[in-house]
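What follows is a single structure, written as structure tokens, with notes after it.
Just so you know, all these numbers are worked out from the coordinates, no wet-lab data involved. A quick note: this is a predicted structure, and the numbers were derived from the prediction, not measured. Positions of Cβ are generated from backbone atoms using ideal geometry, with glycine treated the same way; all protein chains shown enter the neighbour counts.
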Ligand code: NAP
């Protein structure tokens, strides 16, 4: 009966990732490290990435010390050959790849007239182009496994704008469009693609701003929940978006901003 359907007990733990292999870019600190921690805690083997090998190894050993199954491959997400080589190495070592989190990103705040051509190309590449390159590298591997999950770290600033951040906002809005397009193109192959969009998070990226009492007060006053986000707030939403709990969710942007973008 339909009643039975809705009430049936289900052996699946919807937030478990047991046996899954995951890659998280930009995982040497901040939001990426918190996402790597959450995914590994949920039972995945997590491959951490960032450019600086020293910081990356420190992050990996911090997670390994907590009994988590983690490894690390340093590379630059804007180098398509390096991305392809890393994915090949993961498949070689672990037999496949189920989850890819394109989280590496950079910020460049300036008045709109002051971005030069090289800066525009570089930030577009790191924040947006690299996400497409990652998807290109992982999609065939995921398809061979019968499906997979791709997640990008976008931003609230892809949806609402603040002064002097035009380039960053444009790249993060682009990620939302990319995730929708990938959801359409890769859905028939069993691959889901979503964006987790944090508001103001206390990390190295926002360290200087957060030390300014005026910025700190602004964030707290403009956020209905009255505080900065933690990397763990973002990681919990990321875990949802790559877990069986979100099995029918694709092409979406989930804001983790304490309600900041809900308020005019
Ligand atoms: P973060 O502390 O600066 O960490 C950035 C990470 O990305 C580091 O591990 C960094 O390591 C890595 N990375 C940067 N460029 C890279 C590249 N070309 N190739 C590989 N790795 C690279 O920043 P975060 O605050 O955790 O931000 C993580 C993501 O969240 C970014 O996409 C950011 O835009 C987004 N976000 C942050 C906030 C916030 O308030 N903090 C809000 C919304 C969205 P290496 O430098 O060693 O490569």
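Taking only the stretch 95-118 into account, find how many residues are more than 30 Å from residue 237 (Cβ to Cβ) and either in contact with a strand residue (DSSP E or B) (Cβ under 8 Å, 6 or more places away or on another chain) or in contact (Cβ under 8 Å) with a residue 12 or more places away in the chain (or both).
Restricting attention to the stretch 95-118, the residues satisfying the condition of being more than 30 Å from residue 237 (Cβ to Cβ) are 111-118.
Narrowing further to those that are either in contact with a strand residue (DSSP E or B) (Cβ under 8 Å, 6 or more places away or on another chain) or in contact (Cβ under 8 Å) with a residue 12 or more places away in the chain (or both): 111-112, 115.
Qualifying residue count, the stretch 95-118: 3.
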| Is it the case that the stretch 96-104 has a residue that's buried (at least 16 other Cβ atoms within 10 Å of the Cβ) and assigned to a helix (DSSP H, G or I)? | no
| remark: Exception for residue 160 within (1) part of a loop (DSSP other than H, G, I, E, B); (2) touching a helix residue (DSSP H, G or I) at 6+ places or on another chain (Cβ under 6 Å); (3) surrounded by fewer than 22 Cβ atoms within 10 Å (Cβ to Cβ); (4) without any contact (Cβ under 8 Å) to a residue 60 or more places away in the chain falls at (4)
| message | Being within 30 Å of residue 262 (Cβ to Cβ) and within 14 Å of the ligand (Cβ to nearest atom) is the requirement here; does residue 182 meet it? | response | no
| query | Given the conditions (1) touching a helix residue (DSSP H, G or I) at 6+ places or on another chain (Cβ under 7 Å); (2) loosely packed, with under 15 Cβ neighbours inside 10 Å; (3) not in a loop (DSSP other than H, G, I, E, B), and given that residue 261 satisfies all but one, which numbered condition is not satisfied? | reply | (2)
| query | (1) more than 9 Å from the ligand (Cβ to nearest atom); (2) outside any helix (DSSP H, G or I): which one isn't true of residue 152, the others all being true? | reply | (1)
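Working carefully through the options 176, 183, find the one that is touching a residue at least 40 places away in the same chain (Cβ under 8 Å), touching a strand residue (DSSP E or B) at 6+ places or on another chain (Cβ under 7 Å) and more than 22 Å from residue 106 (Cβ to Cβ).
Values: 176 fails: more than 22 Å from residue 106 (Cβ to Cβ).
When all the criteria are applied, what remains is 183.
Hey, which of the helices (runs of 4 or more DSSP H) in the stretch 12-94, taking only ones fully inside, have at least 3 residues that are away from the ligand (no atom under 13 Å from the Cβ) and touching a residue at least 12 places away in the same chain (Cβ under 8 Å)? Give the steps one after another, and end with the answer.
Details: elements: 30-41, 53-64, 80-94.
Qualifying helices (runs of 4 or more DSSP H): 30-41, 80-94.
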| Which numbered condition residue 207 misses (of (1) surrounded by fewer than 19 Cβ atoms within 10 Å (Cβ to Cβ); (2) within 12 Å of the ligand (Cβ to nearest atom); (3) under 30 Å from residue 146 (Cα atoms)) | (3)
